[in-house]
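Working notes, beginning with the structure itself.
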Amino acid sequence: MKISYNWLKEHIALDWSTADLSKRLLHMGFEVEAIERLGPRFSGVVIAQIAEIVRHPNADRLSLCVVDDGKEKLSVVCGAKNIAVGQKVPLARVGARLPGGLSIGKSKIRGVESQGMICSAEELGLGAANGGILVLDPGTEVGADFAKTFGESDEILDVEITPNRPDCLSHLGLARELSAHLGLPLTARPAPQPSAPQGDCWPVAIDAPAACPRYVGRVLTGLKIGPSPAWLSGKLEAIGLRPINNLVDITNFILMDLGQPLHAFDLDRLSGGEIRVRFAAAGETIKALDGKDYALTPDVLVIADGERPQAIAGVMGGQESGVTEKTTRAFLESAYFNPPVVRKASQKLRLRSDSSYRFERGCDPDMPAQASARAAELILKLCGGAVSPAALAGAGVARRAPIVVSAARVNEILGSQFESKDVGACLRSICAGFEDKDGAWAFQPPSYRGDLETVWDLAEETARLLSYESIPSRLPTAPLKPALLTRRQAVAERARKRLQGFGLCEAYNYDFVSAKALAACRIEDSPGFARLANPISEDWTILRPALLPGLLQNAALNARRGAPSARLFELGKVYARAPGAVDERHRLAAVLYGPPAEAFWKPARAPAADVYEALGVALELLCGLPGLSRAPFEPTGAEGALFNPGASVRLQAGKTILGAVGQLHPQVARAFDLERHGATIMELDFEALCALQAPATRFAAVSQFPYSRRDLSIVVEKRHPYAAVEAAIRDAAGAELLSLDLIDVFEGKGIPEGKRSLTLRLTFGRDDRTLKDAEVAAAVDKSLAALKAAMGADLRA
């Protein structure tokens, strides 16, 4: 907000420079973003006339001038060549201050005393150097203050007012704050005294008392609308407002002076004989003062006459009832509107104004009557005419209950040691409503301080006014206890450490993806996607339904930059639309491509990442979960579109599906330029992992009986995944099968087309005895029979 320093000094007597005031305001919590200087930047300069010029006795290039400043004749040494008797010139008297901080004092120049200085335009900051003094118009008045010839100087402070302090959005409000902080009294101003009321005021009806607790109206007649006087237009222009006409300028003046928004309607453009405050009806519209049409909804509060809305309450008036040069009768509105009602209307209509800015934050509920009376007084002076009695509507805002506070409680909250009298004086400077109550004080918050609600608010005010620097800095003595991790946090921390130990790097991606990226992942558009109503970019239009699209973009970027390998994982949220909400679930995903590390001592071409490495990472991550198993992968759902169904497996624990591991689908690999890199991917349901409880670790003795191993080479069709082969053997072999390992895969000579040879090693054993050869042979035969029945597998000859 822009504050005029001269205007501010009308409310409180300040004798500070704006630089010092800016520092003080910052100390109070209000930052001054900029200071703009208006008008002349000098003082103590008057208009004088040269009465006599004689040669300087000790310098050929200097003259000794006798000048008349209207009070006395002074002797001034001058070196300008364009001086002449009878000229009227700007004279800087002793004590004058010029731009650049120069202060004029008595001085001797070559032995002759000079009682001031005749100024040039450059020395006054009014123009460039021209080699001589500034010669004024002969008609100017001798002795007049030269600064007033160019208008009164002023300094404009651009003050940042925090949202919790709407009471400071005016010159009076900021003056009140300075009064409390500096201990200076506010300048006493007489109560507004408009002339004797004449005529009747239109009645005011409030249909929404909760939205408008107080409404004050006045009828003004016999008005003469025209330009505002110089003092009023000058004040408004100084703070960046454009003068319009005397009536509208008065409402803007009251807004910036007292902080109370007002609005004037042209009474001859209203109909029905009454003003009604109500919510808009469905289908109603209004053309506002900005010239735009707005469709109103039933949650927008309006000021209406007998026919239609004439203003959006607290936001902006209507163009049809606006004041013009032809206006002779007006209705003046001064009201208090509920902040949430104004805020919702302003946001819904995308319409902001100086009035809505203040109403949204909360105006003084006791100010409408005072502001209306002050405005009526000015209108009668500047516009003429007559004013009716005020029409008061609404019960007003109930006074808040007092806050019971004591110096001891304030010190307890702040950790300070302020004296009781200092705390009391501080709180009294905020409001005079202050009573002793059983060793404490009953503090009545002022109507304009809506931010003071609790004893903690009063403690903060005390610290701010008495200075935070006076509070000693002490470390608390509270014992520090380590925070307990939730189940999800503990599992996440363990998963991150294990994956980092496997050589994977964690990625952090935004939660937004584009429809184009999902299409590249073969994820079809779905109504279940959570779409953003106002995306900041076309690349961020959808809340991600899966983690892998982001990780694949990361991997593609690494590959384009020449990285030979990348191993990335991400643990984060995925989103889906739910009825009336957005469903959030946690997922864990990874992508791997290229060799694990630079292998200088290994063959020139190190093996790239494959499904077995990704599966090993997943199984090591999940080790210890009960009932963990692998099953043939079925490409279903969003994640299924990313996997190659011929080289992927599904992981599950019992009947709980945990996720999938496999090779990246060839189409997706081509879309991300990863086809040559042989990328593998993993996606796990992290919430399912957190829900599972691993059994307590138990240690078993190593069997003292020998194991029996059998190697089998079987021929099976390539369409059958290895997981199906392993599941068939484990089901048939029974509990004596301790381990099953794949040790060779062969295709080629001697193997029929469309088939492959798998060499398996089966390890059998028991803890209580040695297995007989016949028992092992029977288990092998059962396994071969199960493979034959399930997938037509034969023992390789």
Accessible surface of Tyr707 - all protein chains present, 1.4 Å probe, nearest 10 Å² = 110
Long-range alpha-carbon pairs in the range 204-393, meaning those over 31 Å apart, account in percent for 9
Residue separation times 0.36 nm, minus the C-alpha to C-alpha distance between Lys749 and Asn509: what's the value?
-> 81.5 nm
Taking the chain on its own, what percent of its Cα-Cα pair distances exceed 38 Å?
-> 66
Dimensionless Rg/Rh of the range 116-183 - Kirkwood Rh, Rg from C-alpha atoms | 1.24
Inter-centroid distance (Cα atoms) of the range 257-325 relative to the range 24-91, Å = 55
Going out from 0 in 10 Å bins, what whole percent of all Cα-Cα distances in the range 265-347 drops into each bin?
-> 18, 54, 26, 2
How would you order 296-305, 646-655 from highest to lowest mean count of nearby Cβ atoms within 10 Å?
-> 296-305, 646-655
Under the Karplus curve 6.51 cos²θ - 1.76 cosθ + 1.60, θ = phi - 60°, whole-Hz ³J(HN,Hα) for the range 90-106, x wherever Gly or Pro sits = x, 10, 8, 5, 4, x, 5, 10, 10, x, x, x, 6, 10, 8, x, 5
Whole-Hz Karplus couplings 3J(HN,Hα) for the range 461-470, θ = phi - 60° and coefficients 6.51, -1.76, 1.60, Gly and Pro as x, run 4, 4, 5, 5, 7, 8, 5, 5, 5, 7
Of the convex hull drawn through the C-alpha atoms of the range 77-135, the volume per residue in Å³ is 90
Consider just the alpha-carbon atoms of the range 372-469 and return their Rg together with their Dmax, both in angstrom.
-> 19.3, 60
The range 20-146, Kirkwood Rh and Cα Rg, ratio Rg/Rh at 1.09
Nearest-0.05 FRET efficiency for Cys431 and Leu392, computed from C-beta distance (R0 22 Å) | 0.35
Would you calculate the separation in nanometres between label points at Ser467 and Ala581, each defined as 7 Å from the Cα along the Cα-to-beta-carbon direction?
-> 5.2
Where Trp7, Trp540 fall by accessible area, highest first, once all protein chains stay in place (1.4 Å) = Trp540, Trp7
Where only protein heavy atoms count, and the probe is 1.4 Å, what is the accessible area per residue for the chain in Å²?
-> 51
Surface/4 of the Cα convex hull for the range 487-691, nm² = 12.4
Partner lysines whose C-alpha sits under 21 Å from that of Lys749, ignoring same-chain residues fewer than 8 away, are Lys718
Cα-based Rg of the range 297-425 normalised by 2.2 N^0.38 Å, two decimals | 1.50
Ranked by how many other beta carbons lie within 10 Å on average, peptides 267-276, 135-144 from highest = 267-276, 135-144
Once phi is turned into θ = phi - 60°, what whole-Hz ³J(HN,Hα) does the Karplus curve with 6.51, -1.76 and 1.60 give for every residue of the range 761-774, x standing for Gly and Pro?
-> 10, 9, 10, 10, x, 9, 8, 9, 6, 8, 6, 7, 4, 5
Share of Cα-Cα pairs in the range 708-795 beyond 15 Å, whole percent, is 56
Where a Cα-Cα gap under 15 Å defines reach, which aspartates and glutamates qualify for Lys106, not counting those fewer than 8 residues away within the same chain?
-> none
Rounded to a whole number, what % of the accessible area of the chain do carbon and sulfur atoms account for, probe 1.4 Å?
-> 51
Taking amide H positions as placed in the peptide plane 1.01 Å from N, state which residues far from Glu274 in sequence (5 or more) or on other chains have amide H under 5 Å from it.
-> Gly306
Under the helix-only model (-39500 (n - 2.57) for each DSSP H run of 4 or more, divided by the residues of the chain), the mean residue ellipticity at 222 nm, to 500 deg cm²/dmol, is -8000 deg cm²/dmol
Contour minus Cα-Cα span, Ala700 to Leu351, at 0.36 nm per residue, comes to 118.2 nm
Filter on Lys497/Lys655; Lys2/Lys88; Lys344/Lys437; Lys71/Lys108; Lys9/Lys421; Lys23/Lys344 - keep pairs with C-alpha separation over 32 Å = Lys2/Lys88; Lys344/Lys437; Lys23/Lys344
Residues meeting the amide H criterion for Ala609 (H placed from the backbone, H to H distance under 5 Å, 5 or more places apart or on another chain) are Gly594
The range 43-150, relative contact order in percent, only Cα pairs under 8 angstrom and at least six apart counted | 32
Mind ranking 19-30, 743-754, 339-350 by how tightly packed they are, going by the mean number of other C-beta atoms within 10 angstrom, highest first?
-> 339-350, 19-30, 743-754
Contour excess over end-to-end distance, with Cα ends at Ala369 and Ala51 and 0.36 nm allotted per residue = 108.6 nm
Separation in nanometres of the label points that stand 7 Å from Cα toward Cβ, at Gln693 and Arg670 = 5.0
The alpha-carbon center of the range 326-404 and that of the range 169-197 are separated, in whole Å, by 18
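The values are calculated or read from the model by the stated rules, or taken from the named source; none is laboratory data. Treat the numbers as computed from the prediction; the structure is a model and nothing was measured. Don't worry about glycine lacking a Cβ; one is built from the backbone with ideal geometry, like all the others, and counts go over all protein chains shown. For the accessible areas, the whole protein counts, side chains as well, though only heavy atoms, and no ligand, DNA or RNA atoms are used. Shrake-Rupley method; radii C 1.70, N 1.55, O 1.52, S 1.80 Å.
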